[in-house]
Ligand SMILES: [Fe+2]
């Protein structure tokens, strides 16, 4: 949570005040403080070992199980107190404001879960054999309310603090959906803690803690793996874009455009993630093309043209061993194929061209046209759409042109700022762009 806008501050303030009033006013009569303390310690331990899922963004811990156990064992206000123990977590990183927000969010969502449990006919106290199966319905309702309230409050602050250049439906949304499901799953451990309490008393959390931390370790491995993927892709993108001043940010925008098309046609989550990587890396093969060819100002010789046409194959050679790219590899290799079969490197036509490649081709050409190039200014979005429509059915798959136009009309498109050149950048300007459908590469022998 960096510097917050006034609206975001009001939002955080409202959440913190609501939770503080709730926790301060009780009522506390009849509350089993022993349970609150034991479950509170479990929350503190869980929060101290939270797993960060995205750089600087979400973190995850199994503490929701302890909070949901407290819903059953000590009721709404006790659950809010257990949730408030988040403040005592020993995790480094969160700022005081972030910590206050997280604590309030957990206290509020635990309280609301407690109210839902009672409203659905649940009874507060240690459950016994006779409590089953009737307790399952109220507990499931409480878990759903807990997760929904948590994610709702969290989404609110993420939305209010989003960076202006980020599309609203970033890949984080997919992750957030998975996070919601895993939170619901881990919430079930709460009922296990509560049920075990009648057998082993306050040792119940310990018995549940061990498998939970094993699960947490597995989640940490997954998050670490995701970070390694992002770093790998980011490093390769950086390498490609340092070769050409004018195409900086191009990979990122092609990735964004491809994701917009993929979502528009209802592609499932893992494939959307794969096409995001494909967009980032579609031109990685430029690393295998001599810089003097990429930056040539005059017409290309046949050999130079052939070298540029080889970049999809070079791209495949560079990244083929990166296992997680999977279907993205086909997109990288075939992103310059054309529906009429006149593209390269294989001259595939129609449905022979992998779906990823047909999606990338549309986003790639669109970003090229709406970006400034040394030989022309950036086209307006409507002009670029007109150009896509003109080549729809010959160069581009009409279905994906339509999908992109629909997504653009809903989400809009932020064109990149024209680059500001420093004197020493003049040597690194590409005078031609192989992605621009309105200005094909000029080849000496083709005259
Ligand atoms: Fe390319």
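Some notes on this structure:
- For the stretch 197-236, alpha-carbon Rg over 2.2 N^0.38 Å: 1.94
- Calculated log₁₀ intensity ratio I(q)/I(0) where the Debye formula runs over C-alpha points of the stretch 176-216, q = 0.14, 0.19, 0.21 Å⁻¹: -0.34, -0.57, -0.65
- For q = 0.12 Å⁻¹, Debye-computed log10 I/I(0) when each Cα of the stretch 209-288 counts as one equal scatterer: -0.46
- Cα gyration tensor, the stretch 259-415 - rounded (a/c under 1.5), prolate or oblate: oblate
- Projected label points at residue 228 and residue 340, each 7 Å from Cα along the beta carbon direction, are separated by 4.6 nanometres.
- Kirkwood estimate for the stretch 260-315, i.e. one over the average of 1/r between Cα atoms, Å: 13.1 Å
- Normalised by 2.2 N^0.38 Å, where N is the number of residues, the C-alpha radius of gyration of the stretch 305-356 stands at 1.11.
- Candidates 343, 323, 125: whichever shows maximal mean-square fluctuation once the chain is modelled as a Gaussian network with Cα springs under 10 Å: 323
- Between 0 and 90 degrees, the angle of helix 398-411 with respect to the longest Cα principal axis of the chain falls at about 50 degrees.
- The chain - Debye-derived log10 I(q)/I(0), Cα point model, q = 0.06, 0.07, 0.14 Å⁻¹: -0.36, -0.47, -1.14
- Three-way shape call for the stretch 280-341 based on the alpha-carbon gyration tensor, with the a/c threshold at 1.5: oblate
- In this calculation the C-beta distance from residue 320 to residue 18 is compared with R0 = 60 Å, giving a FRET efficiency of 0.65.
- According to the Cα-based calculation, Rg over Rh for the stretch 332-385 is 1.06, with Rh computed by the Kirkwood formula.
- Model label points for residue 375 and residue 414, set 7 angstrom from Cα along the Cα-to-Cβ axis, are 3.0 nm apart.
- Per residue, the average separation of C-alpha pairs within less than 8 Å and at least 6 apart gives the chain a relative contact order of 13 percent.
- Of 397, 367, 340, the one that fluctuates the most in a GNM where the chain has Cα springs shorter than 10 Å: 340
- For the chain, calculated [θ]222 nm from helices alone, where every DSSP H run of n ≥ 4 adds -39500 (n - 2.57): -20000 deg cm²/dmol
- Sequence of 11, 35, 106 once ranked by neighbouring C-beta atoms within 10 Å, starting from the fewest: 11, 35, 106
- For the chain, modelled as a GNM whose springs connect Cα atoms under 10 angstrom apart, the maximal fluctuation among 256, 338, 268 occurs at 268.
- Pair-distance distribution P(r) for the stretch 62-101, from all Cα-Cα distances in 10 Å bins starting at 0: 30, 46, 22, 2 percent.
- Put a dot 7 Å past the Cα of residue 382, heading toward its Cβ, do the same for residue 25, and the two dots end up 5.5 nm apart.
- Report note on the peptides 148-159, 305-316, 278-289: ranked by the mean count of other C-beta atoms within 10 Å, highest first, their order is 278-289, 305-316, 148-159.
Throughout, read-outs are computed from the coordinates displayed, never taken from laboratory work. If you're wondering where the values come from, they're calculated on a predicted model, not measured in any experiment. Note: ideal-geometry Cβ built from the backbone for every residue, glycine included; neighbour counts use all protein chains shown.
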